[in-house]
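Here the structure comes first, spelled out in structure tokens, and everything after it is commentary.
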Amino acid sequence: MRIPQWTKNFFIFAALIFSQNFFNFSYLLRCVGAFFIFSLLTGSVYIINDIVDRESDKLHPLKSKRPITSGNLDITAAKFTAILLCAISLITSFFLSRGFFYTCIVYFLLMLSYSFILKKVVILDVLTISIAFVLRAVAGAVVIQVKISVWLFICTILLALFLALNKRRYELVTLETNAQHHRKSLLEYSPYLLDQMISVVTAATLVAYCIYTVAPETVRKFHTEGLVLTIPFVIYGIFRYLYLVHKKESGGSPERTLLEDKPLVVGIILWIVAVGIIIYL
């Protein structure tokens, strides 16, 4: 179920925070519920993905150690668990919010398409991952019935693309000649092409966030231009991640990188604190 990767689902709380409802207990409770429901759903998707990729994952230094790939977990038990988790999450999501339920359905169908088809198609593979992050953010907005900001969409999809492209680069460089056997789409990439894409997305992410902090609708909403003070934290976070990818050969597991690199963790915490103070105080 890849519980460490559930950290991706914290995007559900983005709408709660930026809609200035973090201290609304009922909204907070709904988001916490949505987080765990979505985590069970992603857990079922991860199991399905591991079943589909169990042969190709044997070529990967980390993925080869996963329970299904290594043969430590019975396929039948894995399939039953995936179906059970999917059923539980979708049923509970329906009672939490209709909009949240529909978002979960779209996410599940998208990731099923990714597991069987889209992961093999160059560019569409990373775009699908990015859209999955956007759906997490959308799920957090619809569950508390707040407007989905266009900036939430733009910044989320760009940041997710940044992480996905860096992951592809790590796989391509690490696996070398085995890359195309592990993932078909890697045959269509090259380190140079991925570096070009990463450069474009890095610049776009920074520019989008900078514009968001000074956009008239942002200033009107929060009654301050103070969010511009959080830009250095974002710049540091992105540059630190690039440093880890290029100099420390990290990036194969974004959630692990984000949780284990202390300077990066400190930068993220400082950004969260700064955003909280500026928005709420």
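Screening region 216-281 for helices (runs of 4 or more DSSP H) wholly inside it with 1 or more residues that are surrounded by 14 or more Cβ atoms within 10 Å (Cβ to Cβ) and of a type in the set (Phe, Trp, Tyr) returns the ranges 216-222, 231-247, 262-280.
To keep it simple, each residue is scored yes or no on (1) touching a Cys at 6+ places or on another chain (Cβ under 6 Å); (2) in contact (Cβ under 8 Å) with a residue 60 or more places away in the chain.
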position	(1), (2)
Lys8	no, yes
Leu16	yes, yes
Gly43	no, no
Val52	no, yes
Asn72	no, no
Ala78	no, no
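Taking the conditions exactly as written (in the same structural domain as Ser250 (by TED's automatic domain parsing), aromatic (Phe, Trp, Tyr), buried (at least 21 other Cβ atoms within 10 Å of the Cβ) and under 17 Å from the mean Cα position of the chain (by Cα)), does Phe153 satisfy them or not? Reasoning before the result, please.
On the way: in the same structural domain as Ser250 (by TED's automatic domain parsing): yes; aromatic (Phe, Trp, Tyr): yes; buried (at least 21 other Cβ atoms within 10 Å of the Cβ): no; under 17 Å from the mean Cα position of the chain (by Cα): yes.
Considered against the rule, which asks whether it is in the same structural domain as Ser250 (by TED's automatic domain parsing), aromatic (Phe, Trp, Tyr), buried (at least 21 other Cβ atoms within 10 Å of the Cβ) and under 17 Å from the mean Cα position of the chain (by Cα), Phe153 comes out as no.
It is to be established whether one or more residues within region 32-44 are of a type in the set (Gly, Ala, Ser) and surrounded by fewer than 16 Cβ atoms within 10 Å (Cβ to Cβ). If you could, list the steps in order and put the result at the bottom.
Of the residues in region 32-44, the ones of a type in the set (Gly, Ala, Ser) are 33-34, 39, 43-44.
Cutting the leftovers down to surrounded by fewer than 16 Cβ atoms within 10 Å (Cβ to Cβ) gives us none.
Looking for residues that are of a type in the set (Gly, Ala, Ser) and surrounded by fewer than 16 Cβ atoms within 10 Å (Cβ to Cβ), one finds none in region 32-44, hence no.
Count of region 201-241 residues, restricted to those that are closer than 20 Å to Ile123 by Cα and touching a helix residue (DSSP H, G or I) at 6+ places or on another chain (Cβ under 9 Å), is 4. Each residue in region 186-215 was checked for being modelled with pLDDT under 95, of a type in the set (Ser, Thr, Tyr) and surrounded by fewer than 20 Cβ atoms within 10 Å (Cβ to Cβ), and 2 pass.
The rows are residues; the columns are (1) surrounded by fewer than 15 Cβ atoms within 10 Å (Cβ to Cβ); (2) assigned by TED's automatic domain parsing to the domain that holds Phe10; (3) closer than 20 Å to Cys31 by Cβ; (4) in contact with a Cys (Cβ under 6 Å, 6 or more places away or on another chain).
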{"position": "Glu55", "(1), (2), (3), (4)": "yes, yes, no, no"}
{"position": "Ile91", "(1), (2), (3), (4)": "yes, yes, yes, no"}
{"position": "Gly99", "(1), (2), (3), (4)": "no, yes, yes, no"}
{"position": "Leu118", "(1), (2), (3), (4)": "no, yes, no, no"}
{"position": "Asp125", "(1), (2), (3), (4)": "no, yes, no, no"}
{"position": "Leu135", "(1), (2), (3), (4)": "no, yes, yes, no"}
{"position": "Ala139", "(1), (2), (3), (4)": "no, yes, yes, no"}
{"position": "Ile157", "(1), (2), (3), (4)": "no, no, no, no"}
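Scanning for something closer than 22 Å to Ala82 by Cα, in a helix (DSSP H, G or I) and either touching a Leu at 6+ places or on another chain (Cβ under 9 Å) or in contact (Cβ under 8 Å) with a residue 12 or more places away in the chain (or both), does region 137-152 turn up at least one residue? Yes; the residues of region 137-152 include at least one that is closer than 22 Å to Ala82 by Cα, in a helix (DSSP H, G or I) and either touching a Leu at 6+ places or on another chain (Cβ under 9 Å) or in contact (Cβ under 8 Å) with a residue 12 or more places away in the chain (or both).
Is there a residue being charged (D, E, K, R) and at pLDDT below 95 anywhere in region 140-154?
Going residue by residue through region 140-154, those that are charged (D, E, K, R) are 147.
In the following step, the residues that additionally are at pLDDT below 95 were identified as 147.
Yes, region 140-154 has at least one match.
Scanning region 1-30 for residues that are basic (Lys, Arg) and part of a loop (DSSP other than H, G, I, E, B) returns a single hit, Arg2. Of Thr156, Thr128, all but one fail to be free of Cβ contacts under 8 Å to residues at least 40 places away in the same chain and among the hydroxyl-bearing types (Ser, Thr, Tyr); the exception is Thr128.
The values are calculated or read from the model by the stated rules, or taken from the named source; none is laboratory data. Note that the structure is predicted; figures quoted are calculated from it, not measured. Please note: Cβ atoms are built from the backbone with ideal geometry, for glycine as well, and neighbour counts cover all protein chains shown.
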